[in-house]
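Since the structure comes first, as structure tokens, the remarks are kept for the end.
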Amino acid sequence: MLSTREEITNPDLIEEVLEEPRVRGHNFHWRLLEDILVVLALGAGMYLLVPRFLGDREMVAILTDQTNWLVIPLCLLVETISMLSICYLYYQVLHISGETLSFGRTAKIYMSAYAFGHIVPGANAGTFYLNYRELRNEGVSRSSVIRTLAVSNIVYSASILLLFVAGILLSLMTGRLPVTLNVSAIAVAGGAVLFMLLCVFLYRRPALLVRMSVALMRLVRRMGFAKAIDFDAIPGQVKETRSYISSILHSRRNLARTGVPGVSFWLFDLICLYIVFLGIGHPVNPGILMVCYTIADVLASIPTTPAGLGVFEVTLGASLYAFGVPKEALAIGILGFRFFSFWLPIPAGGICYLILRMDRRREERNGKIPTEANGAQAS
């Protein structure tokens, strides 16, 4: 058994510690490559096998006889607005927290993290991890990063709940929901309400919130996402985050600055889905589509596949099929929509990450790039 002094001065131990990050990095890149191959395989399976199961001739007939191809640039525009909205949400939350990161820089970071979250399994975990790492690399203080990610995800979740309620009300006014969808809607609504009540419960019990945060950070460290975590600083960070949330909830201006882009992200994504069905000649009742879309998104957030790949398609298709939408139109509409909302953000985020790296290298040469150490001092 080596003493503390021997552990520090032992060359073999020093070499082992220095080599550990390289091994981790090497394994990380291999795991990332494996994840990319899995996502590509799942995508190829859906786009190649689904037409064969559902009728490729019928799908080709819809594409050639009924599809208006002008919807492609329109869907690109609408989905771009959706992504800019979520980037703007993070930008606003950062600025309310007192940070001065530009919108362009924030957008590059979020798009990079969004693409990463579409590749690795674990729903939003990958997006959360890369957002945290890259914001810290920008010199943003640890407390500001934690507040930004926590508040943005709360707004993100509350926005889709609001959209779901609006869909229920709109569908009741414009169309009758079947029993199966009513049951699903009630179940999802109940789960969403319970989630929001849980957030309120934890918000009012800071001691319990601290214990849960400590447990979560231990899990993060055990999974290898963080090497060193200051557990003594967690109570103070929780207190700051609660105060920060209060400053938003008690300010109409701050609520608008965060709520509008949060709702816009989901709303424009939904509009893209509606335009796709409209473009192939099979428009769907907006209220019903809104309910089915939010149910599929909530179920897809369960950490099973990357960004709910497969879960979203099956859930949305099954719920819309109950309304009599032809299976061929469902396949074209859903796969076409996922091309805009799932597949295109991956290369777009990859390009943003490369541009972000090049920007940092240029700033590093000019001596202007912030460091994580600076962010740590600021916190």
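Phi angles across the stretch 98-111 convert, under the Karplus curve 6.51 cos²θ - 1.76 cosθ + 1.60 with θ = phi - 60°, into 3J(HN,Hα) values of x, 7, 10, 5, 5, 5, x, 5, 4, 5, 5, 5, 5, 4 Hz, Gly and Pro given as x.
Over the stretch 14-378, the reciprocal of the mean inverse Cα-Cα separation, the Kirkwood hydrodynamic radius, stands at 22.1 Å.
Restriction of the chymotrypsin sites (Phe, Trp or Tyr not before Pro) in the stretch 48-143 to DSSP coil positions whose beta-carbon has at most 10 other beta-carbons within 10 angstrom yields W69. Label positions at R52 and L198, each projected 7 Å from the Cα along the C-beta direction, are separated by 4.0 nm.
Figure the gain on full extension for D359 and E34 (residue separation times 0.36 nm, minus the Cα-Cα span) and round it to one decimal in nm. Kindly include the intermediate steps, with their values, before the conclusion.
On the way: separation 325, 0.36 × 325 = 117.00 nm, distance 2.80 nm.
That pair, D359 and E34, stretches by 114.2 nm at full extension.
Label positions at I302 and N153, each projected 7 Å from the Cα along the C-beta direction, are separated by 1.9 nm. Rounded to 0.05, the FRET efficiency of the K327 and N137 pair, given R0 = 41 Å and the Cβ-Cβ distance, is 0.30. If the chain linking F231 and L169 were pulled fully straight, counting 0.36 nm for each residue of separation and taking away their Cα-Cα distance, it would gain 17.8 nm. Between the beta carbons of K239 and F103, assuming R0 = 22 Å, the FRET efficiency works out to 0.15 to the nearest 0.05.
Counting Lys and Arg as +1 and Asp and Glu as -1, what is the net charge of the other residues whose Cβ lies under 11 Å from the Cβ of E240? Can you show the working numbers first?
Working: positive: R142, R147, K239, R242; negative: none.
Net of charged neighbours comes to +4.
Can you give the relative contact order of the stretch 14-378 as a percent, counting alpha carbon pairs under 8 Å and 6+ residues apart?
Value for the stretch 14-378: 33 percent.
Sparse packing (at most 11 other Cβ atoms within 10 Å of the Cβ) combined with a DSSP loop state is found for the following trypsin sites (Lys or Arg not before Pro) in the stretch 211-288: K227.
Every read-out reported here was derived from the displayed coordinates using simple, explicitly stated rules and does not represent laboratory data. Keep in mind the model is a prediction, meaning the values are calculated, not measured. Every residue, glycine among them, receives a Cβ derived from its backbone with ideal geometry; neighbour counts consider all protein chains shown.
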